[in-house]
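One structure is given below, encoded as structure tokens.
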Amino acid sequence: MSRPETEFWYHFDAPDVESRLETSINDGLPLLEIGRRRERFGPNALTQAEGETKFQIFLRQFQQPLVYILLAATALTIILREWADAAVIFAVVLVNSIIGYVQEAKALQAINALSKVLSSEATVIRGGQTMQVAASELVPGDCVKLQSGDRVPADLRLLQLRDLQIDESALTGESVPVEKSLDTLPENTPLAERTNIAFSSTLVTYGTGTGIVVATGDQTEIGNINKLIASADVLETPLVRRINELSHILLKVILVLAALVAVAILLRGEPPVAVLLAAVALAVGAIPEGLPAVVTATLALGVSRLASRRAIVRKLPAVETLGSTTVICSDKTGTLTQNQMTVRSLSTGSKRFQVEGSGYDPTGDITSSDESDVNAKEDEHLGELLRAGLLCNDTNLVALDSGDWKVEGDPTEAALLVSGAKLGLDRKQTEAAYPRLDTIPFESQYQYMATLHQASESENVAYVKGSVEQLLPRCQGQADGGSFDTAGIESQVAEMASQGLRVLAFAKKVVPATQSNLEHEDLASGLTLLGLQGMIDPPRPEAIKAVAACQNAGVKVKMITGDHVGTAAAIAAQLGLQGKSDDSGDRLQGITGVQLEKMSDRELLGTVEDIAVYARVSPSQKLRLVEALQSRGNVVAMTGDGVNDAPALRQANIGVAMGITGTEVTKEAADMILTDDNFASIEAAVEEGRGIYDNLTKFIAWTLPTNLGEAGIILVAAFLGFELPITPLQILWINMSTAVLLGATLAFEPKEPGLMNRSPRDVDEPILSMSLMIRTLWVGALLVVSTYAVFAFKKSLGVELESARTAAVNVIVLGQAAYLLTCRSLRVSFFKLGLFSNPLLWLGVLAMIGLQLVFTYVPVINQIFETQPTTWRPWALAVGTGAILFFLAELDKLRAGWVKP
């Protein structure tokens, strides 16, 4: 037999399929052949990649350059038997790692999601007998029967069917069920248009069918997606990259400074132990011990804020990545749109009407399109058009306690129920007035559905709905009495279609009361056209605002969908997406999967940023689009809900899955999950991400001058032979207490005005700009000078060394408290910020002052940290130093051009 993984089963006719697979549609495979094929092709299951264990996730929290530095400092302090220092530094590392592990462990899935999408059982014909078998036991050549409600267990070439419709949205992104056919298709038919194939994991929504298994396990289309997921690169987030770069810089600086200190001390003839003590003091001073904990805490706070805005983050660094995003690639159905088909336009032939409202909510007016005084509710022809939509309908629309609506049946028919309700038609009363006698269900070869109803004692009426192409030739007139102009009607249809509307035609035929059944022959001619209903899955109103906000913030929004390009372009225009227009200039240009397949990488790179709409694309093409955007230097956020989106979500810098409609596969591949499937939540997340990065930058800008100053103090002492004004343990006290009580409060700083008016950050932009580096240098230098000045002043008064060191510590702490106030914004003057917009900051300052009083005046603490109580004069010097630092920093904002004079 031929290898079953060939790509063109949709191109072969039924006898060829049976011959190549050595099977029969009637008898299936011989029972003895099953074992041989299972041995050859293996089970119908996807190869699973090994995931990280919880212990591996915990260990990964330590794999950061900054943590390596802290661990090295811990080791040195242990060697020197400085147990308190070692314990505190390692505790910081451990707490930071535990926080990161807990956050990731919450999202760890114990089961593999891809296995869940395969059905547990399948109905097969083997040896001429129909039987139930486990889906994992299927082999190529098996004959499988499908019916409504079944999940397709493998890729099947359909050979028999009756009105078969399959929901392929999870695989292709197509928003409505696909009508299957038996037609042989060309070799290059796109995935979404292979109507004679039933794909593994898709759901049968209507009808029945029988097909031959042509691919199992990894050879199925979902298996190909599984391979793409495994091959997609997991990219380092911008924050992690920048923190790593900063950590490497700090590592190099610390090593250089430590070498300089060692040389200086050795030249003075000091013993090796003194060299190590000085190196530890410098490391403790130069390393921002609180940075990992504050970064983690800030990101965790961001996770909490995003959760309140309906976005669940699975990995902490992904929070900040959102703020760096330059392109958002979004699915259309349910994310940018409401995923609720809505009738927008009505035509009775000579009159046109517009329908207000959206979704399945039956509230909304119907008004005349030509602004005439026509009362829609009094128009009998409009009433009959909508009545036909109610009666020729097998779908139910159920109101839920939550206020939402649940569709039991076809979304298109649900839209017809809503349009009738908006005119005031009651379905139960209408059905009671027109009892149904017979039905011709929708069949793909006829493209219509018809129902026969009792209209009166003397006559019955058949209502028909279907495609315009099928119904127009059967009509001989129109109900409103106007001239039956097929060209005019087709023009109306074309106009509706240009707006992205899906158009259905409605007709009727009156028959004698004696006729109680309906045949296709009865509808071959003699119909009267009632009119047209045009419907669309409308954009979410909040998505329109969110798209505008993103584009205003310099973030490009692109629609990548499995829907038709015309519909996608029309929706994109309504959403306000910005991109290249088509040749007519009337609407956005869209590129289809077929066009994309023919484009070289060079051609794609040249157009990928200009095109806003990509339609009918395959999973591999979505992945290619993301890679192309990234190669152009973009930080890409990709949204999706179907299995087909998973590889691209994994490749994207930030993958965003839908919480309501998203498959488990997609959620596993994503970094963030939207609980409301709403694009507006992505815009909110981008804003939060920018705010988080702002606050992290503020913390780093605040903490590094202190670390630089402390390192400078050690350097001055080493080179000039001065007595240390602060000890290593006192440095550790300063770093840890101020990081927790002062620096951490910057995480709660409100988002600054105009945050979404800024352009996205350059992906190569360092955390510290040149202006911030200059500021760090002079603030650090001022702290060194102030500390030595106060220390020397106290020593000149003849006080003990411990008292002078206590005053020096207070100078640094109060200087940091004053500098914290100006770091509330690196762009706006402190005096233009709301004084109490961050109350936790003021509580932190008060708590830090209280802690310094304990540090200065509590005897037990005096013994541990070698401090002594001081008079009020050193406090006054410390306050004065802080005030000078504050006003100089505010003036420096003017120098750096951060604020206008």
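The values are calculated or read from the model by the stated rules, or taken from the named source; none is laboratory data. Fair warning: this is a prediction, and the values are worked out from it, not measured in the lab. Every residue, glycine as well, gets a Cβ built from its backbone with ideal geometry; the counts of neighbours run over all protein chains shown. Protein only, heavy atoms only, side chains kept; ligands, DNA and RNA dropped before computing areas. Shrake-Rupley method; radii C 1.70, N 1.55, O 1.52, S 1.80 Å.
Counting only strands (runs of 3 or more DSSP E) that fall entirely inside segment 412-480 and contain at least 3 residues that are open to solvent by 40 Å² or more (accessible area, probe 1.4 Å), the qualifying elements are 436-443.
Every test in (1) crowded, with 17+ Cβ neighbours inside 10 Å; (2) part of a helix (DSSP H, G or I); (3) of a type outside the set (Ser, Thr, Tyr) is passed by GLU752 save one, and that test is (2).
To keep it simple, each residue is scored yes or no on (1) of a type outside the set (Ser, Thr, Tyr); (2) at pLDDT 90 or above.
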| site | (1), (2) |
| --- | --- |
| LEU577 | yes, yes |
| ASP582 | yes, no |
| GLN589 | yes, no |
| GLY593 | yes, no |
| ARG602 | yes, yes |
| ILE611 | yes, yes |
| TYR614 | no, yes |
| SER618 | no, no |
| LEU625 | yes, yes |
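Residue pairs whose Cβ atoms lie under 7 Å apart, sitting 6 or more positions apart in sequence or on different chains, and linking a residue in segment 294-308 that is under 15 Å from GLN61 (Cβ atoms) to a partner that is open to solvent by less than 30 Å² (accessible area, probe 1.4 Å) and not in a helix (DSSP H, G or I), are THR296/LEU316; LEU299/LEU316; ALA300/LEU316.
Of all residues in segment 162-187, those that are under 16 Å from GLU413 (Cα atoms) and in a loop (DSSP other than H, G, I, E, B) have Cβ atoms under 7 Å from Cβ atoms of residues that are open to solvent by less than 20 Å² (accessible area, probe 1.4 Å) and modelled with pLDDT under 85, 6 or more apart or on another chain, in SER175/THR333; SER175/ASP563. Here ASP370 meets the list (1) over 34 Å from the mean Cα position of the chain (by Cα); (2) touching a residue at least 60 places away in the same chain (Cβ under 8 Å); (3) surrounded by fewer than 19 Cβ atoms within 10 Å (Cβ to Cβ); (4) not in a helix (DSSP H, G or I) almost entirely, failing just condition (2). Yes or no: LEU390 open to solvent by less than 10 Å² (accessible area, probe 1.4 Å) and more than 40 Å from the chain's Cα centre (by Cα)? Considered against the rule, which asks whether it is open to solvent by less than 10 Å² (accessible area, probe 1.4 Å) and more than 40 Å from the chain's Cα centre (by Cα), LEU390 comes out as no. Considering the conditions (1) over 18 Å from CYS329 (Cβ atoms); (2) in a helix (DSSP H, G or I); (3) within 19 Å of the chain's Cα centre (by Cα), VAL626 is excluded by exactly one of them, (1).
Collect the residues in segment 156-179 that are open to solvent by less than 10 Å² (accessible area, probe 1.4 Å) and more than 27 Å from the chain's Cα centre (by Cα), keeping them in residue-number order. If the condition is that a residue be open to solvent by less than 10 Å² (accessible area, probe 1.4 Å) and more than 27 Å from the chain's Cα centre (by Cα), then LEU156, ARG157, LEU158, LEU164 are the ones that fit. Of the residues GLU245, GLU270, the single one that is in a helix (DSSP H, G or I) and at pLDDT below 80 is GLU245. Evaluated against (1) open to solvent by 50 Å² or more (accessible area, probe 1.4 Å); (2) at pLDDT below 85; (3) assigned to a helix (DSSP H, G or I), LEU732 falls short on exactly one condition, (1). Checked against (1) open to solvent by 10 Å² or more (accessible area, probe 1.4 Å); (2) under 20 Å from THR342 (Cβ atoms), ALA505 meets all criteria but (1). In the set (1) out of contact with any Leu (no Cβ under 9 Å at 6 or more places or on another chain); (2) crowded, with 24+ Cβ neighbours inside 10 Å; (3) over 17 Å from VAL785 (Cβ atoms), the condition left unmet by PRO725 is number (3). Against the list (1) modelled with pLDDT under 95; (2) part of a helix (DSSP H, G or I), the condition PRO901 fails is (2).
Take ARG827 and tell me if it is of a type in the set (Lys, Arg), surrounded by 14 or more Cβ atoms within 10 Å (Cβ to Cβ) and closer than 20 Å to LEU715 by Cβ. For ARG827, the condition - of a type in the set (Lys, Arg), surrounded by 14 or more Cβ atoms within 10 Å (Cβ to Cβ) and closer than 20 Å to LEU715 by Cβ - is not met.
From LEU843, LEU821, which residue is touching a residue at least 12 places away in the same chain (Cβ under 8 Å) and over 22 Å from SER786 (Cα atoms)? It is LEU843. Scanning segment 824-840 for residues that are over 16 Å from LEU742 (Cβ atoms) and either free of Cβ contacts under 8 Å to residues at least 60 places away in the same chain or not in a loop (DSSP other than H, G, I, E, B) (or both) yields a count of 5. Taking residues in segment 471-497 that are farther than 26 Å from GLN445 by Cα and in contact (Cβ under 8 Å) with a residue 24 or more places away in the chain, and partners anywhere that are of a type in the set (Val, Ile, Thr) and assigned to a loop (DSSP other than H, G, I, E, B), the pairs with Cβ atoms closer than 9 Å and at least 6 places apart or on different chains are ALA479/THR348; ASP480/THR348; GLY482/THR348. For ILE328, indicate whether it is open to solvent by less than 30 Å² (accessible area, probe 1.4 Å) and either more than 30 Å from ALA648 (Cα to Cα) or outside any helix (DSSP H, G or I) (or both). Yes; evaluated as a whole, the condition is true for this residue. For segment 843-862, the condition of being open to solvent by 80 Å² or more (accessible area, probe 1.4 Å) and assigned to a loop (DSSP other than H, G, I, E, B) holds for none of the residues.
If we keep just the residues of segment 670-696 that are in a helix (DSSP H, G or I) and among the β-branched types (Val, Ile, Thr), which is farthest from the chain's Cα centre (by Cα)? The qualifying residue farthest from the chain's Cα centre (by Cα) is ILE692. For segment 593-615, residues that are open to solvent by 30 Å² or more (accessible area, probe 1.4 Å), within 29 Å of GLY223 (Cβ to Cβ) and not in a helix (DSSP H, G or I) total 2.
What are the residues in segment 868-883 that are open to solvent by less than 70 Å² (accessible area, probe 1.4 Å), within 20 Å of VAL858 (Cα to Cα) and hydroxyl-bearing (Ser, Thr, Tyr), if any? THR870 - this is the single residue of segment 868-883 that is open to solvent by less than 70 Å² (accessible area, probe 1.4 Å), within 20 Å of VAL858 (Cα to Cα) and hydroxyl-bearing (Ser, Thr, Tyr).
Kindly indicate the residue of segment 214-237 that is modelled with pLDDT under 70 and in a loop (DSSP other than H, G, I, E, B) and also farthest from LEU29 (Cα to Cα) among those meeting that condition.
THR237
Evaluation of LEU768 against the conditions (1) surrounded by 19 or more Cβ atoms within 10 Å (Cβ to Cβ); (2) in a helix (DSSP H, G or I); (3) within 44 Å of the chain's Cα centre (by Cα) shows that the sole unmet condition is (2). Beta carbons closer than 8 Å, at least 6 apart along the sequence or on distinct chains, pair a first residue in segment 384-403 that is in contact (Cβ under 8 Å) with a residue 12 or more places away in the chain and closer than 15 Å to ALA433 by Cβ with a second that is among the β-branched types (Val, Ile, Thr) and surrounded by fewer than 20 Cβ atoms within 10 Å (Cβ to Cβ) for ARG387/THR430; LEU390/THR430; LEU391/THR430.
State all residues of segment 629-650 that are polar (S, T, N, Q), open to solvent by less than 10 Å² (accessible area, probe 1.4 Å) and not in a strand (DSSP E or B); if no residue qualifies, say none. Break it down into steps so the answer makes sense when it comes.
Going residue by residue through segment 629-650, those that are polar (S, T, N, Q) are 630-631, 634, 639, 644.
Within this subset, residues satisfying the condition of being open to solvent by less than 10 Å² (accessible area, probe 1.4 Å) are 639, 644.
ASN644 - this is the single residue of segment 629-650 that is polar (S, T, N, Q), open to solvent by less than 10 Å² (accessible area, probe 1.4 Å) and not in a strand (DSSP E or B).
Here is a check on your reading of the model: is ARG827 modelled with pLDDT under 95, over 43 Å from the mean Cα position of the chain (by Cα) and over 26 Å from ALA286 (Cβ atoms)? Criteria not met by ARG827.
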